[in-house]
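Q: Below you will find the structure I want to go over with you.
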Amino acid sequence: MLASPTLLASLAHADPAKQGAAPDKPFAEHFIVLQLSESDSKKERLVLSVASNVLKAYGPDKVAVEVVAFGPGIDLLREQNEHRALVDSLVSQGVRFAVCGNTLDTIERETGRRPALNPHAIEVQVGVGHMLELAERGFTIVRP
Amino acid sequence: MLASPTLLASLAHADPAKQGAAPDKPFAEHFIVLQLSESDSKKERLVLSVASNVLKAYGPDKVAVEVVAFGPGIDLLREQNEHRALVDSLVSQGVRFAVCGNTLDTIERETGRRPALNPHAIEVQVGVGHMLELAERGFTIVRP
Amino acid sequence: MLASPTLLASLAHADPAKQGAAPDKPFAEHFIVLQLSESDSKKERLVLSVASNVLKAYGPDKVAVEVVAFGPGIDLLREQNEHRALVDSLVSQGVRFAVCGNTLDTIERETGRRPALNPHAIEVQVGVGHMLELAERGFTIVRP
């Protein structure tokens, strides 16, 4: 079988890195990771508002949005965080919230108690490593 | 027509994502987005100085530089900003300055008045979405 | 010679951008740049701890980690920095530390004296340009 110029052209423009980048968003055309590494109410609100604006701009099916919280940024995902209702509303629109297990381990070691989290938070072992793997799958990292 | 090994090799090394990444910079080999999301004179100066250093390092034809301002970062693009002369000089060297329309809408809603902007500022609907699309076209996002 | 579908498929999935991305890490599968542009002891510690966590998570052979310091961030690489022992230990595990020559030139011009640096620091002409080139070779930029 010969490779036609058309086939070659389509290969040259294919974006295999992004196929299956977000298994729960099969129709996504845009992939964004929002980094949150600070504990600051204004910064938390900014991250949530960026997530919300991006969903509105592309439509929830066309964009995969994942917030990755690590270091002091994990406060957003505490059970009692003041923005809990907005987090839960974004989860219901398909936004994922990952929390760094290394950070939780450190807090537990230092305080004797693991923080109580929003049950929607998805624990990953290393927050930065998780961002790196999302970037390798075609996500763009933005730190608002 | 057959695909020769040479053609295949060149395809494997082609970087289709970046072809036409910056239509106004046909000879660009490097593509950089500088994010500005803070209102702070030192940070504004840092962003402008990074833009200037990158132009000097590669030459204005070989690098496409776009500053994307959103949230409090839009202050750089106000008509009366203290760095206006430097912004205008970078524009004349081909640097693009995009400003987030969502941010302008919010300010207008809250204050009753849309900010007066540097006429060189290019309004985009969603600043972060614009950065995402530039990244998809092969730009690298840096937040100085 | 014909291009078989199998060959074409493998081309479509090859990741030429990353081949040889880190010549001193021939077995690396992950490539990360950590940006440091602030002079702040907590931020310095965070960058070093992220580097250390990423090494632990993937193993030192499987991940290429480079810290790029520019602007006020170069303080981490001064000869007398308080975290010098940790920097040196990371160097011995294969982490690279690059320092922005433009920043050093500016300091020298303003103070009459070039800062004394950790001898492990690798001077590059433009810190941001260096990050850009690493990104073009397949590295992911993270600013902790």
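Here, each number is a calculation from the coordinates, and none is a lab measurement. Remember, it's a predicted structure, so these values are computed and weren't measured experimentally. Cβ placement follows ideal geometry from the backbone for every residue including glycine, while neighbour counts extend to all protein chains displayed.
Q: Loop-only check: which GluC sites (Glu not before Pro) in region A:56-109 are DSSP coil with at most 16 other Cβ within 10 angstrom?
A: On the way: sites: A:GLU66, A:GLU79, A:GLU82, A:GLU108; in loops: A:GLU79, A:GLU82.
Here the GluC sites (Glu not before Pro) that fit, given the DSSP loop and packing criteria, are A:GLU79, A:GLU82.
Q: Using the 7 Å Cα-to-Cβ label point, sort the distances from B:ASP40 to its equivalents in the other copies shortest first and give them in nm to one decimal.
A: B:ASP40 label point versus its equivalents elsewhere: 0.7, 0.7 nm.
Q: Give me the net charge for the shell around B:ASP61: Cβ to Cβ below 13 angstrom, other residues only, Lys and Arg +1, Asp and Glu -1. It would help to have the intermediate numbers written out before the result.
A: Details: positive: B:LYS25, B:LYS56, B:LYS62; negative: B:ASP24, B:GLU29.
Within the 13 Å Cβ shell, the charges total +1.
Q: Once a ≥ b ≥ c are taken as the square roots of the eigenvalues of the Cα gyration tensor of the protein assembly as shown, is the result rounded (a/c under 1.5), prolate (a/b larger than b/c) or oblate (a/b not larger than b/c)? If you can, show how the numbers build up before the last one.
A: Numbers: a/c = 1.12, a/b = 1.12, b/c = 1.00.
Because its axes are fairly even, with a/c under 1.5, the protein assembly as shown counts as rounded.
Q: Can you compute the helix-only [θ] at 222 nm over chain B? Use -39500 (n - 2.57) per DSSP H run of at least 4 residues, normalise by all residues, nearest 500 deg cm²/dmol.
A: Working: 5 runs with 57 residues, N = 144.
Calculated from helices alone, the mean residue ellipticity at 222 nm is -12000 deg cm²/dmol.
Q: Under 1.5 on a/c is rounded, so check that first for region A:51-144, then, if it is not, pick prolate when a/b is larger than b/c and oblate when it is not; a ≥ b ≥ c are the square roots of the alpha carbon gyration tensor eigenvalues. Walk me through the numbers on the way to the answer.
A: Values: a/c = 2.64, a/b = 1.44, b/c = 1.83.
Note, shape of region A:51-144 comes out oblate.
Q: Calculate the length of the line joining the C-alpha centroid of region B:61-117 to that of region C:80-144, in whole Å.
A: 30
Q: Among A:28-37, B:32-41, how do they line up by average Cβ neighbours within 10 Å per residue, starting with the highest?
A: On the way: A:28-37: 22.4, B:32-41: 19.8.
Highest-to-lowest ranking by the protection proxy: A:28-37, B:32-41.
Q: Related question: Within 10 Å of each Cβ in peptide A:77-87, how many partner chain Cβ atoms are there on average? Round it to a whole number, please. Spell out each step's value before the answer.
A: Numbers: counts 0, 0, 0, 0, 0, 0, 0, 0, 0, 0, 0.
Across the residues of A:77-87, the mean count of other-chain Cβ atoms within 10 Å is 0.
Q: Taking every DSSP beta bridge with both residues inside region A:31-142, roughly what % is antiparallel (nearest 5)?
A: Details: 1 of 17 bridges.
Close to 5 percent.
Q: Put a label point 7 Å from Cα along the Cβ direction on C:ARG109, then list its distances to the equivalent points in the other copies in nm, shortest first.
A: In ascending order, 4.5, 4.5 nm.
Q: Using a 10 Å cut-off on Cβ to Cβ distances, tally the other chain neighbours for every residue of A:22-30 and report the average as a whole number. Before the final figure, lay out each step's value.
A: Working: counts 0, 0, 0, 0, 0, 0, 0, 1, 5.
Mean partner shielding for this stretch: 1.
Q: Here's a follow-up. So the label point sits 7 Å from Cα along the Cα-to-Cβ vector; using that for A:GLU79, what distances do you get to the other copies, in nanometres, sorted shortest first?
A: When each copy's label point is compared with this one, the spacings are 5.4, 5.4 nm.
Q: Still on this structure: How about C:LYS25: which lysines have a C-alpha closer than 19 Å to its C-alpha, ignoring those fewer than 8 places off in the same chain?
A: Here the lysines satisfying the reach criterion relative to C:LYS25 are C:LYS56, C:LYS62.
Q: Same structure again: Find the relative contact order for region A:31-142 and round it to a whole percent, using C-alpha pairs within less than 8 Å whose residues are 6+ positions apart. Walk me through the numbers on the way to the answer.
A: On the way: 173 pairs, mean separation 36.2, N = 112.
Taking the mean separation of contacting Cα pairs over the length of region A:31-142, I get 32 percent.
Q: Using only the Cα atoms, work out Rg/Rh for region B:42-95, with Rh taken as the Kirkwood radius, to two decimals. Mind showing how you got there, number by number?
A: Working: Rg = 11.0 Å, Rh = 11.5 Å.
Rg divided by Rh gives 0.96.
Q: Ok, one more. Can you tell me what share of the DSSP beta bridges in the protein assembly as shown is antiparallel? A percent to the nearest 5 is fine.
A: On the way: 3 of 54 bridges.
Expressed as a percentage, antiparallel bridges in the protein assembly as shown total about 5.
Q: Shifting gears a bit: Looking only at other chains, what is the average number of their beta-carbon atoms within 10 angstrom of each beta-carbon in B:130-140? Let's see the in-between values first.
A: Numbers: counts 1, 3, 10, 2, 1, 7, 7, 0, 1, 3, 9.
Counting other chains' Cβ atoms within 10 Å and averaging over B:130-140 gives 4.
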